[in-house]
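The next block holds one structure in the form of structure tokens; read it before the comments.
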Amino acid sequence: MVALKRILLAEDDSKDVELTLSALAEYNLANEIVVARDGVEALDYLYRRGIFAGRPEGNPVVILLDLKMPKLDGIEVIKQIKADPQLSLVPIVILTSSREVRDLEQAYALGVNAYVVKPVHFGEFVKAVKEIGVFWAIINEPPPISLHKT
């Protein structure tokens, strides 16, 4: 049985959401791309609560996470994900406009898999998202489900 490949996109900027979805859809990189508009919503998706209580089981193949979000920022989301044995192996790619060294250092110290600064130009942004999607949704082999169980 082939596992359903889902990508969780946690992003509050509607233009960036639209561009990211368009770039990923161009290559059919996932069966489902779920958008969370803030950090709380991202965690609700991962923990299957609130509006996501009825979602199918299983973790996304990758989380594309903005750092600067309302309600709960990306750094706090990373801390909660990495502290949970059921979620800690889910790859996290930071997709942010932040070029702050502190954000970069903190994200890697918490265990993110990649840190991508959003290109300013439309074409470069779309290309970067496509490359991220191809790697994480097609090329990368996710950890076996058995590793996510305690």
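Rounded to the nearest 500 deg cm²/dmol, what is the calculated helix-only ellipticity per residue at 222 nm for the chain, with -39500 (n - 2.57) per DSSP H run of length n ≥ 4?
Numbers: 5 runs with 52 residues, N = 150.
Estimated from H runs of four or more residues: -10500 deg cm²/dmol.
Accessible area ranking (1.4 Å probe, heavy atoms, ligands and nucleic acids excluded), largest first, for L89, L64: L89, L64.
Partner lysines whose Cα lies under 24 Å from the Cα of K71, excluding those fewer than 8 positions away in the same chain, are identified as K15, K79, K82, K118. Note on the chain: with neighbouring protein chains present and a 1.4 Å probe, carbon and sulfur make up 55 percent of its accessible heavy-atom surface.
Taking every alpha-carbon pair under 8 Å whose residues sit at least 6 apart, the chain reaches a relative contact order of 25 percent.
In the context of the full set of protein chains, the chain has a per residue accessible area of 53 Å² (1.4 Å probe).
The values are calculated or read from the model by the stated rules, or taken from the named source; none is laboratory data. Since we're looking at a predicted model, the values are computed, not measured. For accessibility, only protein heavy atoms count, side chains too; no ligands or nucleic acids. Shrake-Rupley method; radii C 1.70, N 1.55, O 1.52, S 1.80 Å.
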